[in-house]
Amino acid sequence: MSELPPFYDDLTACHDEVWRRLEEGVSDRNSAFHTPALGTVDPYGRPQVRAVVLRQADRRAGTLTFHCDRRSEKASEIAGTRCAALQVYDPAAKIQVRVDGTAELHTDSWFADSVWAQARPMNRTVYGISPGPGTALAKGGSYTLPETDEAIRDGRENFCVVVIRAERLEFLYLDRRGHRRALWLRSEAGWVETWLTP
Ligand SMILES: Cc1cc2nc3c(=O)[nH]c(=O)nc-3n(C[C@H](O)[C@H](O)[C@H](O)COP(=O)(O)O)c2cc1C
């Protein structure tokens, strides 16, 4: 039987593990934490879930960031509800992390400008896709991507940065000797923590 991980019975270490994994997920394309599932609620009250690329994890601020097209359903849903959830399960680590928070869309701000300026050219191209994401097409390939530098630059108006401010964080570690589940809620004094029955 393998050794239990150091965070097994230590809430502070579990919290460290959550943020370590999230931070690692930003830069490590092979990490499950690189592509969390994003949950939103649509105007009909129905849950919507899809993958996104985790672009930033800021432990001090308790925020997580991804990018999307402002014409997308997810952008409208976030604009409408101002909240979002993320979920990751890493089968190798046997760790699930769930994040529930308020979500802010940054579109025309200096902040979005600076993130756009730092984005790789390849990543900028998708924001010039036409027609916009989710449009019904007669054929699968009936869309265009910008080809000139100028056309790629024009995609800036569709680019937005979404910052999720975690209000609730949940951690689940699976082990045959007993699972461990922990919860953190944001309070004015910082994170309030507790174990939960798995
Ligand atoms: C691995 C992976 C990563 C993805 N990353 C993003 C992303 O960072 N931002 C994004 O808007 N869509 C991303 N997508 C596409 C979305 O999952 C989704 O299909 C698309 O954005 C339409 O979603 P919506 O109609 O709910 O807005 C990704 C898909 C996959 C499979």
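Quick notes on this structure:
- For region 131-169, the set of residues classified as polar (S, T, N, Q), at pLDDT 95 or above and open to solvent by 60 Å² or more (accessible area, probe 1.4 Å) consists of 135, 144, listed by residue number.
- Taking the criterion of being surrounded by fewer than 19 Cβ atoms within 10 Å (Cβ to Cβ) and either more than 10 Å from the ligand (Cβ to nearest atom) or closer than 23 Å to residue 124 by Cα (or both), the residues of region 35-48 that qualify are 35, 37, 41, 43, 44, 45, 46, 47.
- Residue pairs whose Cβ atoms lie under 8 Å apart, separated by 6 or more positions or on different chains, with the first residue in region 114-130 and in contact (Cβ under 8 Å) with a residue 24 or more places away in the chain and more than 11 Å from residue 68 (Cα to Cα) and the second assigned to a helix (DSSP H, G or I) and open to solvent by 60 Å² or more (accessible area, probe 1.4 Å), are 128/154.
- Number of residues in region 78-102 that are under 21 Å from residue 45 (Cα atoms) and open to solvent by 10 Å² or more (accessible area, probe 1.4 Å) equals 11.
- Filtering region 150-179 to residues that are under 26 Å from residue 56 (Cα atoms) and charged (D, E, K, R) leaves 153, 154, 156, 157, 165, 167, 168, 170.
Residues checked against (1) at pLDDT below 95; (2) closer than 16 Å to residue 161 by Cβ; (3) in a loop (DSSP other than H, G, I, E, B):
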| position | (1), (2), (3) |
| --- | --- |
| 17 | no, no, no |
| 20 | no, no, no |
| 24 | no, no, no |
| 33 | no, no, no |
| 39 | no, no, no |
| 44 | no, no, yes |
| 49 | no, no, no |
| 57 | no, yes, no |
| 68 | no, yes, no |
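- The numbered conditions (1) within 25 Å of residue 187 (Cα to Cα); (2) within 13 Å of the ligand (Cβ to nearest atom); (3) not polar (S, T, N, Q) are all true for residue 67 except (1).
The values are calculated or read from the model by the stated rules, or taken from the named source; none is laboratory data. The model shown is predicted, which means the values in this text are computed figures rather than measured ones. Don't worry about glycine lacking a Cβ; one is built from the backbone with ideal geometry, like all the others, and counts go over all protein chains shown. Note: areas computed on protein heavy atoms with side chains; ligands, DNA, RNA excluded. Shrake-Rupley method; radii C 1.70, N 1.55, O 1.52, S 1.80 Å.
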